[in-house]
Amino acid sequence: MIDAKKSEQSDITLHYGMVGGGEGSFIGDVHRKAAAFDGKCRLVAGCFSRTYSKTLATGEKLDISKERLYENYQQMAQMESEREDGIDFVSIVAQNYIHYDVAKAFLQAGIHVVCEKPLCFEIEQAKELKQLAEDNNLLFMVTYSYSGYPMVEEARHIVQSGQIGEIRTIMGEYPQDWLTNLEEETDNQQAQWRTDPKIAGISNCLGDIGSHIENTVHYITGLNIKRVCAKLECIPPKRPLDTNAQVLVEFENGASGMYWSSQIAVGHENGLRVRIYGTKGSIEWSQETPNALKVCAIGEPVQIYSRSQGYIGHKAQQLTRLPAGHPEAYYEAFANIYVKFAQVLVKTLHNQELSHEDLKFTDVTDGLNGVLFIHKCVESSKKGSIWVNVE
Ligand SMILES: NC(=O)c1ccc[n+]([C@@H]2O[C@H](COP(=O)([O-])OP(=O)(O)OC[C@H]3O[C@@H](n4cnc5c(N)ncnc54)[C@H](O)[C@@H]3O)[C@@H](O)[C@H]2O)c1
(Lines give C-alpha, C1' and ligand atoms only; values in the text may rest on other atoms or scores of the structure.)
Protein backbone atom coordinates (compact mmCIF):
# COMPACT_ATOMS: atom_id res chain seq x y z
CA MET A 1 0.00 0.00 0.00
CA ILE A 2 1.18 3.49 -0.78
CA ASP A 3 0.97 5.39 2.46
CA ALA A 4 1.88 9.05 2.76
CA LYS A 5 4.08 8.29 5.78
CA LYS A 6 5.66 5.11 4.46
CA SER A 7 5.91 6.11 0.83
CA GLU A 8 9.69 6.27 0.82
CA GLN A 9 9.72 2.51 1.50
CA SER A 10 7.70 1.66 -1.59
CA ASP A 11 9.54 1.10 -4.88
CA ILE A 12 6.54 1.37 -7.21
CA THR A 13 6.50 4.43 -9.46
CA LEU A 14 3.46 5.23 -11.57
CA HIS A 15 4.04 7.09 -14.82
CA TYR A 16 1.56 9.70 -15.91
CA GLY A 17 0.86 12.29 -18.58
CA MET A 18 -0.81 15.66 -18.33
CA VAL A 19 -3.24 17.58 -20.55
CA GLY A 20 -3.28 21.31 -19.71
CA GLY A 21 -1.05 22.95 -17.14
CA GLY A 22 1.02 25.06 -19.54
CA GLU A 23 2.93 28.19 -18.63
CA GLY A 24 0.88 30.79 -16.77
CA SER A 25 -1.73 28.26 -15.71
CA PHE A 26 -2.76 27.66 -12.12
CA ILE A 27 -3.76 24.17 -11.08
CA GLY A 28 -1.54 22.08 -13.37
CA ASP A 29 1.54 23.04 -11.38
CA VAL A 30 -0.24 22.19 -8.11
CA HIS A 31 -1.03 18.73 -9.53
CA ARG A 32 2.57 18.19 -10.61
CA LYS A 33 3.95 19.10 -7.19
CA ALA A 34 1.25 17.06 -5.43
CA ALA A 35 1.73 13.97 -7.59
CA ALA A 36 5.49 14.16 -7.00
CA PHE A 37 5.15 14.78 -3.25
CA ASP A 38 5.67 11.18 -2.18
CA GLY A 39 7.82 10.22 -5.16
CA LYS A 40 5.32 7.71 -6.44
CA CYS A 41 4.03 9.42 -9.60
CA ARG A 42 6.41 10.58 -12.32
CA LEU A 43 5.35 12.90 -15.14
CA VAL A 44 6.66 11.48 -18.45
CA ALA A 45 4.35 12.87 -21.16
CA GLY A 46 2.28 15.95 -21.87
CA CYS A 47 0.17 18.14 -24.05
CA PHE A 48 0.26 21.22 -21.85
CA SER A 49 -1.34 23.70 -24.22
CA ARG A 50 -3.25 23.97 -27.49
CA THR A 51 -0.12 25.66 -28.85
CA TYR A 52 2.65 23.14 -29.53
CA SER A 53 5.51 25.59 -28.96
CA LYS A 54 4.13 26.22 -25.46
CA THR A 55 3.89 22.49 -24.79
CA LEU A 56 7.53 22.15 -25.90
CA ALA A 57 8.61 25.02 -23.64
CA THR A 58 6.81 23.58 -20.59
CA GLY A 59 8.02 20.06 -21.37
CA GLU A 60 11.63 21.24 -21.60
CA LYS A 61 11.41 22.93 -18.20
CA LEU A 62 9.95 19.75 -16.74
CA ASP A 63 12.67 17.63 -18.36
CA ILE A 64 10.27 15.51 -20.40
CA SER A 65 11.65 13.75 -23.46
CA LYS A 66 10.59 15.56 -26.66
CA GLU A 67 9.13 12.42 -28.26
CA ARG A 68 6.53 12.39 -25.49
CA LEU A 69 5.42 16.00 -25.95
CA TYR A 70 2.36 16.00 -28.15
CA GLU A 71 0.65 18.46 -30.48
CA ASN A 72 -2.81 17.53 -29.24
CA TYR A 73 -4.48 15.24 -26.70
CA GLN A 74 -5.82 12.86 -29.40
CA GLN A 75 -2.28 12.13 -30.59
CA MET A 76 -1.13 11.73 -26.99
CA ALA A 77 -3.88 9.22 -26.13
CA GLN A 78 -3.14 7.14 -29.21
CA MET A 79 0.66 7.19 -29.02
CA GLU A 80 0.81 6.55 -25.27
CA SER A 81 -1.60 3.61 -25.54
CA GLU A 82 0.63 2.06 -28.22
CA ARG A 83 3.89 2.37 -26.25
CA GLU A 84 5.06 -0.53 -24.13
CA ASP A 85 6.10 1.94 -21.48
CA GLY A 86 2.98 4.08 -21.98
CA ILE A 87 1.52 6.15 -19.16
CA ASP A 88 -0.44 4.47 -16.35
CA PHE A 89 -2.84 7.41 -16.12
CA VAL A 90 -3.52 10.87 -17.47
CA SER A 91 -4.21 14.03 -15.44
CA ILE A 92 -6.60 16.43 -17.15
CA VAL A 93 -6.03 19.94 -15.81
CA ALA A 94 -7.25 22.03 -18.77
CA GLN A 95 -10.35 24.21 -18.47
CA ASN A 96 -13.88 22.80 -18.13
CA TYR A 97 -14.82 23.01 -21.83
CA ILE A 98 -12.45 20.20 -22.87
CA HIS A 99 -12.69 17.74 -19.93
CA TYR A 100 -15.28 15.51 -21.61
CA ASP A 101 -13.47 15.17 -24.96
CA VAL A 102 -10.09 14.52 -23.36
CA ALA A 103 -11.39 12.07 -20.75
CA LYS A 104 -13.31 10.15 -23.41
CA ALA A 105 -10.25 9.92 -25.69
CA PHE A 106 -8.07 8.47 -22.91
CA LEU A 107 -10.74 6.07 -21.65
CA GLN A 108 -11.21 4.81 -25.21
CA ALA A 109 -7.45 4.34 -25.41
CA GLY A 110 -7.61 2.17 -22.25
CA ILE A 111 -5.87 4.67 -19.96
CA HIS A 112 -6.93 5.44 -16.36
CA VAL A 113 -8.05 9.03 -15.79
CA VAL A 114 -7.64 11.80 -13.21
CA CYS A 115 -9.73 14.84 -14.15
CA GLU A 116 -10.38 18.26 -12.70
CA LYS A 117 -13.85 19.39 -11.66
CA PRO A 118 -16.44 20.17 -12.84
CA LEU A 119 -16.29 16.86 -14.72
CA CYS A 120 -17.95 18.16 -17.91
CA PHE A 121 -20.71 20.42 -19.26
CA GLU A 122 -23.66 18.04 -19.69
CA ILE A 123 -25.33 15.42 -17.47
CA GLU A 124 -25.45 12.94 -20.38
CA GLN A 125 -21.71 13.42 -20.97
CA ALA A 126 -20.99 12.65 -17.32
CA LYS A 127 -23.12 9.49 -17.48
CA GLU A 128 -21.31 8.44 -20.64
CA LEU A 129 -17.88 8.89 -19.02
CA LYS A 130 -18.99 6.87 -15.99
CA GLN A 131 -20.25 4.08 -18.26
CA LEU A 132 -17.07 4.10 -20.34
CA ALA A 133 -14.89 3.85 -17.22
CA GLU A 134 -16.98 0.99 -15.83
CA ASP A 135 -17.18 -0.91 -19.14
CA ASN A 136 -13.40 -0.74 -19.55
CA ASN A 137 -12.51 -1.37 -15.87
CA LEU A 138 -10.67 1.93 -15.68
CA LEU A 139 -10.23 4.09 -12.59
CA PHE A 140 -11.49 7.65 -12.83
CA MET A 141 -10.70 10.18 -10.11
CA VAL A 142 -12.29 13.63 -10.13
CA THR A 143 -10.05 15.95 -8.11
CA TYR A 144 -12.29 17.36 -5.44
CA SER A 145 -9.24 18.38 -3.49
CA TYR A 146 -10.81 19.09 -0.10
CA SER A 147 -11.41 15.35 0.33
CA GLY A 148 -7.62 15.12 0.75
CA TYR A 149 -7.45 17.03 4.04
CA PRO A 150 -6.80 14.82 7.10
CA MET A 151 -9.38 16.71 9.17
CA VAL A 152 -12.01 16.22 6.47
CA GLU A 153 -11.21 12.51 6.66
CA GLU A 154 -11.56 12.74 10.45
CA ALA A 155 -14.89 14.59 10.09
CA ARG A 156 -16.05 11.80 7.77
CA HIS A 157 -15.08 9.21 10.38
CA ILE A 158 -16.86 11.09 13.19
CA VAL A 159 -20.05 11.68 11.21
CA GLN A 160 -20.29 8.28 9.52
CA SER A 161 -19.59 6.38 12.77
CA GLY A 162 -22.66 8.11 14.24
CA GLN A 163 -20.88 10.21 16.88
CA ILE A 164 -22.99 13.31 16.17
CA GLY A 165 -26.16 11.27 15.69
CA GLU A 166 -28.70 11.74 12.90
CA ILE A 167 -27.85 14.72 10.73
CA ARG A 168 -30.46 17.46 10.94
CA THR A 169 -29.04 20.47 9.16
CA ILE A 170 -25.90 21.54 7.27
CA MET A 171 -24.39 24.94 6.53
CA GLY A 172 -21.80 25.19 3.76
CA GLU A 173 -20.15 28.32 2.46
CA TYR A 174 -17.34 29.22 0.07
CA PRO A 175 -16.85 33.01 -0.11
CA GLN A 176 -14.08 34.62 -2.18
CA ASP A 177 -13.65 38.25 -3.29
CA TRP A 178 -11.34 38.04 -6.31
CA LEU A 179 -14.11 38.84 -8.87
CA THR A 180 -15.53 41.83 -6.98
CA ASN A 181 -14.21 44.02 -9.81
CA LEU A 182 -14.27 43.14 -13.53
CA GLU A 183 -11.02 41.17 -13.28
CA GLU A 184 -11.77 39.48 -16.62
CA GLU A 185 -11.13 42.82 -18.36
CA THR A 186 -7.49 42.66 -17.20
CA ASP A 187 -4.99 40.05 -18.43
CA ASN A 188 -6.05 37.57 -15.72
CA GLN A 189 -6.60 34.38 -17.79
CA GLN A 190 -8.23 32.51 -14.90
CA ALA A 191 -10.85 35.28 -14.55
CA GLN A 192 -11.35 35.52 -18.32
CA TRP A 193 -12.33 31.89 -18.88
CA ARG A 194 -14.34 31.47 -15.65
CA THR A 195 -16.70 34.26 -16.77
CA ASP A 196 -17.01 32.89 -20.34
CA PRO A 197 -19.85 30.35 -20.80
CA LYS A 198 -18.09 28.75 -23.80
CA ILE A 199 -15.18 27.70 -21.57
CA ALA A 200 -16.66 27.54 -18.05
CA GLY A 201 -20.10 26.08 -18.89
CA ILE A 202 -23.53 27.11 -17.60
CA SER A 203 -22.24 28.41 -14.26
CA ASN A 204 -19.17 30.20 -12.96
CA CYS A 205 -19.32 30.63 -9.18
CA LEU A 206 -21.54 27.67 -8.35
CA GLY A 207 -19.63 25.40 -10.74
CA ASP A 208 -16.20 26.59 -9.67
CA ILE A 209 -16.55 26.68 -5.88
CA GLY A 210 -20.17 25.83 -4.97
CA SER A 211 -19.46 22.35 -6.36
CA HIS A 212 -16.69 22.03 -3.74
CA ILE A 213 -19.26 22.59 -0.96
CA GLU A 214 -21.54 19.98 -2.53
CA ASN A 215 -18.76 17.40 -2.74
CA THR A 216 -17.14 18.12 0.64
CA VAL A 217 -20.50 17.73 2.42
CA HIS A 218 -21.23 14.53 0.51
CA TYR A 219 -17.75 13.18 1.25
CA ILE A 220 -18.12 13.81 4.98
CA THR A 221 -21.75 12.72 5.42
CA GLY A 222 -22.44 10.28 2.58
CA LEU A 223 -25.82 12.05 2.18
CA ASN A 224 -27.35 12.46 -1.26
CA ILE A 225 -29.23 15.60 -2.26
CA LYS A 226 -32.94 15.10 -3.03
CA ARG A 227 -33.84 18.60 -4.23
CA VAL A 228 -32.51 22.15 -4.45
CA CYS A 229 -33.92 25.67 -4.53
CA ALA A 230 -31.33 28.13 -5.86
CA LYS A 231 -30.75 31.78 -6.62
CA LEU A 232 -27.75 32.51 -8.84
CA GLU A 233 -26.79 36.15 -9.37
CA CYS A 234 -24.57 37.76 -12.01
CA ILE A 235 -22.93 40.63 -10.14
CA PRO A 236 -22.44 43.12 -11.71
CA PRO A 237 -25.35 42.29 -14.03
CA LYS A 238 -23.37 42.73 -17.28
CA ARG A 239 -21.56 39.47 -16.48
CA PRO A 240 -22.95 36.48 -18.39
CA LEU A 241 -22.40 34.01 -15.52
CA ASP A 242 -23.06 33.94 -11.78
CA THR A 243 -20.65 35.31 -9.19
CA ASN A 244 -22.90 34.74 -6.17
CA ALA A 245 -25.10 31.72 -5.46
CA GLN A 246 -27.40 30.74 -2.62
CA VAL A 247 -28.87 27.25 -2.51
CA LEU A 248 -31.38 25.64 -0.17
CA VAL A 249 -30.83 21.90 -0.07
CA GLU A 250 -32.97 18.98 1.05
CA PHE A 251 -31.25 15.65 1.59
CA GLU A 252 -32.68 12.16 1.13
CA ASN A 253 -32.83 11.61 4.91
CA GLY A 254 -34.96 14.75 5.34
CA ALA A 255 -32.10 16.92 6.63
CA SER A 256 -31.87 20.49 5.32
CA GLY A 257 -28.91 22.51 4.10
CA MET A 258 -27.94 25.99 3.05
CA TYR A 259 -25.01 26.55 0.68
CA TRP A 260 -23.55 29.95 -0.21
CA SER A 261 -20.75 30.48 -2.71
CA SER A 262 -19.52 33.89 -3.78
CA GLN A 263 -16.67 35.56 -5.63
CA ILE A 264 -17.76 39.08 -4.68
CA ALA A 265 -17.66 38.70 -0.87
CA VAL A 266 -15.20 41.44 0.00
CA GLY A 267 -12.68 40.38 2.64
CA HIS A 268 -12.85 36.64 1.90
CA GLU A 269 -10.09 34.66 0.18
CA ASN A 270 -10.88 30.92 0.08
CA GLY A 271 -13.36 30.64 2.94
CA LEU A 272 -14.72 27.14 2.46
CA ARG A 273 -16.43 26.22 5.73
CA VAL A 274 -18.71 23.30 6.50
CA ARG A 275 -20.84 22.97 9.64
CA ILE A 276 -22.83 19.80 10.24
CA TYR A 277 -25.38 19.51 13.05
CA GLY A 278 -26.77 16.19 14.31
CA THR A 279 -29.04 14.98 17.11
CA LYS A 280 -26.05 14.33 19.43
CA GLY A 281 -23.47 16.90 18.38
CA SER A 282 -21.87 18.87 15.59
CA ILE A 283 -18.63 19.35 13.65
CA GLU A 284 -17.13 22.35 11.88
CA TRP A 285 -14.20 22.51 9.43
CA SER A 286 -12.68 25.53 7.65
CA GLN A 287 -10.17 25.20 4.84
CA GLU A 288 -8.25 28.31 5.95
CA THR A 289 -7.53 26.64 9.32
CA PRO A 290 -7.39 23.08 7.98
CA ASN A 291 -5.39 21.48 10.78
CA ALA A 292 -8.22 21.93 13.28
CA LEU A 293 -11.65 20.35 13.55
CA LYS A 294 -14.27 21.70 15.93
CA VAL A 295 -16.24 18.88 17.54
CA CYS A 296 -19.14 19.37 19.92
CA ALA A 297 -21.17 16.81 21.86
CA ILE A 298 -24.44 18.05 23.30
CA GLY A 299 -24.03 19.34 26.87
CA GLU A 300 -20.22 19.10 26.78
CA PRO A 301 -17.51 21.73 26.24
CA VAL A 302 -16.52 22.38 22.63
CA GLN A 303 -13.38 20.47 21.58
CA ILE A 304 -10.81 21.44 18.96
CA TYR A 305 -9.18 18.34 17.46
CA SER A 306 -5.65 18.89 16.15
CA ARG A 307 -4.25 17.08 13.11
CA SER A 308 -1.65 14.37 13.80
CA GLN A 309 -2.49 13.91 17.49
CA GLY A 310 -2.76 10.33 18.77
CA TYR A 311 -6.52 10.57 19.27
CA ILE A 312 -7.12 11.13 15.53
CA GLY A 313 -8.53 8.15 13.62
CA HIS A 314 -6.42 5.77 11.55
CA LYS A 315 -7.54 6.99 8.11
CA ALA A 316 -6.85 10.65 8.91
CA GLN A 317 -3.46 9.61 10.38
CA GLN A 318 -2.62 7.94 7.06
CA LEU A 319 -2.96 11.33 5.37
CA THR A 320 -0.59 13.28 7.61
CA ARG A 321 3.15 13.59 7.23
CA LEU A 322 4.32 16.07 9.87
CA PRO A 323 4.02 16.12 13.67
CA ALA A 324 1.13 18.18 15.09
CA GLY A 325 1.85 21.89 15.21
CA HIS A 326 3.68 21.94 11.86
CA PRO A 327 0.87 23.08 9.53
CA GLU A 328 -0.06 21.05 6.46
CA ALA A 329 -2.44 22.47 3.87
CA TYR A 330 -3.24 22.76 0.17
CA TYR A 331 -0.28 20.97 -1.43
CA GLU A 332 -0.45 18.14 1.07
CA ALA A 333 -4.21 17.74 0.53
CA PHE A 334 -3.68 17.54 -3.21
CA ALA A 335 -0.85 15.07 -2.63
CA ASN A 336 -3.24 13.00 -0.54
CA ILE A 337 -5.81 12.66 -3.28
CA TYR A 338 -2.99 11.35 -5.48
CA VAL A 339 -1.96 8.98 -2.67
CA LYS A 340 -5.52 7.66 -2.46
CA PHE A 341 -5.72 7.20 -6.22
CA ALA A 342 -2.23 5.73 -6.53
CA GLN A 343 -2.74 3.09 -3.85
CA VAL A 344 -5.85 1.82 -5.64
CA LEU A 345 -4.25 2.02 -9.07
CA VAL A 346 -1.19 0.06 -7.94
CA LYS A 347 -3.47 -2.66 -6.57
CA THR A 348 -5.52 -2.64 -9.77
CA LEU A 349 -2.42 -2.96 -11.95
CA HIS A 350 -1.29 -5.92 -9.82
CA ASN A 351 -4.77 -7.54 -9.80
CA GLN A 352 -4.94 -7.23 -6.01
CA GLU A 353 -8.18 -7.08 -4.04
CA LEU A 354 -9.10 -3.71 -2.58
CA SER A 355 -9.70 -3.73 1.17
CA HIS A 356 -11.80 -1.58 3.48
CA GLU A 357 -8.52 -0.01 4.60
CA ASP A 358 -8.10 1.58 1.18
CA LEU A 359 -8.92 5.26 1.25
CA LYS A 360 -11.86 6.35 -0.87
CA PHE A 361 -10.98 8.73 -3.67
CA THR A 362 -13.58 11.01 -5.24
CA ASP A 363 -14.52 9.31 -8.49
CA VAL A 364 -16.56 9.70 -11.66
CA THR A 365 -19.80 9.24 -9.69
CA ASP A 366 -18.82 12.27 -7.59
CA GLY A 367 -18.13 14.04 -10.89
CA LEU A 368 -21.60 13.13 -12.18
CA ASN A 369 -23.18 14.30 -8.91
CA GLY A 370 -21.38 17.63 -9.29
CA VAL A 371 -22.67 18.13 -12.84
CA LEU A 372 -26.22 17.21 -11.70
CA PHE A 373 -25.98 19.69 -8.80
CA ILE A 374 -24.88 22.52 -11.11
CA HIS A 375 -27.60 21.83 -13.70
CA LYS A 376 -30.42 21.52 -11.17
CA CYS A 377 -29.39 24.72 -9.36
CA VAL A 378 -29.24 26.65 -12.65
CA GLU A 379 -32.64 25.22 -13.63
CA SER A 380 -34.13 26.20 -10.27
CA SER A 381 -32.74 29.73 -10.47
CA LYS A 382 -33.94 30.26 -14.06
CA LYS A 383 -37.46 29.13 -13.12
CA GLY A 384 -37.66 31.73 -10.34
CA SER A 385 -35.97 29.78 -7.52
CA ILE A 386 -38.41 26.89 -7.34
CA TRP A 387 -37.62 23.49 -5.80
CA VAL A 388 -36.12 21.11 -8.39
CA ASN A 389 -35.49 17.39 -7.85
CA VAL A 390 -31.90 16.23 -8.26
CA GLU A 391 -32.01 13.00 -10.30
N1 LIG B 1 -9.73 21.10 -7.62
C2 LIG B 1 -9.52 22.37 -7.38
O3 LIG B 1 -9.48 22.79 -6.23
C4 LIG B 1 -9.31 23.31 -8.53
C5 LIG B 1 -8.66 24.54 -8.35
C6 LIG B 1 -8.45 25.35 -9.46
C7 LIG B 1 -8.88 24.96 -10.72
N8 LIG B 1 -9.55 23.77 -10.86
C9 LIG B 1 -10.01 23.32 -12.19
O10 LIG B 1 -8.85 23.09 -12.99
C11 LIG B 1 -9.12 23.40 -14.35
C12 LIG B 1 -8.06 24.39 -14.84
O13 LIG B 1 -8.15 25.58 -14.07
P14 LIG B 1 -6.94 26.64 -14.05
O15 LIG B 1 -7.34 27.72 -13.17
O16 LIG B 1 -5.66 25.92 -13.77
O17 LIG B 1 -6.94 27.12 -15.57
P18 LIG B 1 -5.76 27.85 -16.33
O19 LIG B 1 -6.38 28.74 -17.36
O20 LIG B 1 -4.81 28.45 -15.37
O21 LIG B 1 -4.99 26.66 -17.07
C22 LIG B 1 -5.57 25.86 -18.07
C23 LIG B 1 -4.47 25.25 -18.94
O24 LIG B 1 -5.07 24.32 -19.87
C25 LIG B 1 -4.46 24.52 -21.14
N26 LIG B 1 -5.35 24.02 -22.22
C27 LIG B 1 -6.54 24.53 -22.62
N28 LIG B 1 -7.04 23.78 -23.63
C29 LIG B 1 -6.14 22.80 -23.86
C30 LIG B 1 -6.09 21.73 -24.78
N31 LIG B 1 -7.06 21.53 -25.69
N32 LIG B 1 -5.03 20.90 -24.74
C33 LIG B 1 -4.03 21.10 -23.86
N34 LIG B 1 -4.01 22.11 -22.95
C35 LIG B 1 -5.06 22.94 -22.97
C36 LIG B 1 -4.22 26.02 -21.21
O37 LIG B 1 -3.26 26.33 -22.19
C38 LIG B 1 -3.72 26.28 -19.79
O39 LIG B 1 -2.33 26.00 -19.71
C40 LIG B 1 -10.54 23.92 -14.38
O41 LIG B 1 -11.39 22.89 -14.79
C42 LIG B 1 -10.83 24.32 -12.95
O43 LIG B 1 -12.20 24.21 -12.61
C44 LIG B 1 -9.75 22.96 -9.79
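The values are calculated or read from the model by the stated rules, or taken from the named source; none is laboratory data. These figures come from a predicted structure and were not determined experimentally. Don't worry about glycine lacking a Cβ; one is built from the backbone with ideal geometry, like all the others, and counts go over all protein chains shown. Heavy atoms of the whole protein, side chains included, go into the accessibility calculation; ligands, DNA and RNA do not. Shrake-Rupley method; radii C 1.70, N 1.55, O 1.52, S 1.80 Å.
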Per-residue ellipticity at 222 nm for the chain, helices alone: DSSP H runs ≥ 4 residues times -39500 (n - 2.57), over residue total, nearest 500 deg cm²/dmol? -10000 deg cm²/dmol
Full-stretch length increase - Met79, Ser256 - with 0.36 nm per residue and alpha-carbon distance subtracted: 58.8 nm
Using 0.36 nm times the number of residues separating Trp387 and Lys280, minus their current alpha carbon distance, what extension gain do you get? 35.6 nm
Computed lengthening from Thr13 to Asn72, 0.36 nm per intervening residue step minus Cα-Cα distance: 18.7 nm
With the Cα gyration tensor of segment 89-241 giving a ≥ b ≥ c as the square roots of its eigenvalues, does the rule (a/c under 1.5 for rounded; else a/b larger than b/c for prolate; else oblate) give rounded, prolate or oblate? oblate
How would Trp260, Trp285, Trp387 rank on accessible area, largest to smallest, probe 1.4 Å? Trp387, Trp260, Trp285
By average C-beta atoms within 10 angstrom, highest first, the peptides 246-259, 147-160: 147-160, 246-259
If one builds a Gaussian network model of the chain from Cα atoms under 10 Å apart, the most fluctuating residue listed among Leu56, Leu349, Leu206 is Leu349
For the pairs Lys231/Lys340; Lys198/Lys382; Lys117/Lys280; Lys231/Lys315; Lys54/Lys117, note any where the Cα-Cα span goes beyond 30 Å. Lys231/Lys340; Lys117/Lys280; Lys231/Lys315
What figure, in Å² to the nearest 10, do you get for the accessible area of His314 with a 1.4 Å probe and non-protein molecules left out? 110
Springs between alpha-carbon atoms under 10 Å, Gaussian network over the chain: tell me which of Ala126, Ala34, Ala105 tops the mean-square fluctuations. Ala105
Any idea how far the Cα center of segment 62-94 sits from the one of segment 238-287, in Å? 38
R0 = 22 Å: FRET efficiency of Phe26 with Ile304, Cβ-based, nearest 0.05? 0.10
Using a 10 Å cut-off on Cβ atoms, rank the peptides 193-200, 374-381 from the highest mean neighbour count down. 374-381, 193-200
Antiparallel DSSP bridges in the chain: what percent, to the nearest 5? 60
Could you sort Cys229, Cys115 by accessible area so the largest value comes first, with the probe set to 1.4 Å? Cys229, Cys115
Once the Cβ-Cβ distance between Asp63 and Glu134 is put in as r, and R0 is 56 Å, what FRET efficiency do you end up with, to the nearest 0.05? 0.95
The chain - percent relative contact order, Cα under 8 Å, separation 6 or more: 20
Residue among Gly310, Gly86, Gly370 with the largest mean-square fluctuation in a Gaussian network model of the chain, springs linking Cα atoms under 10 Å: Gly310
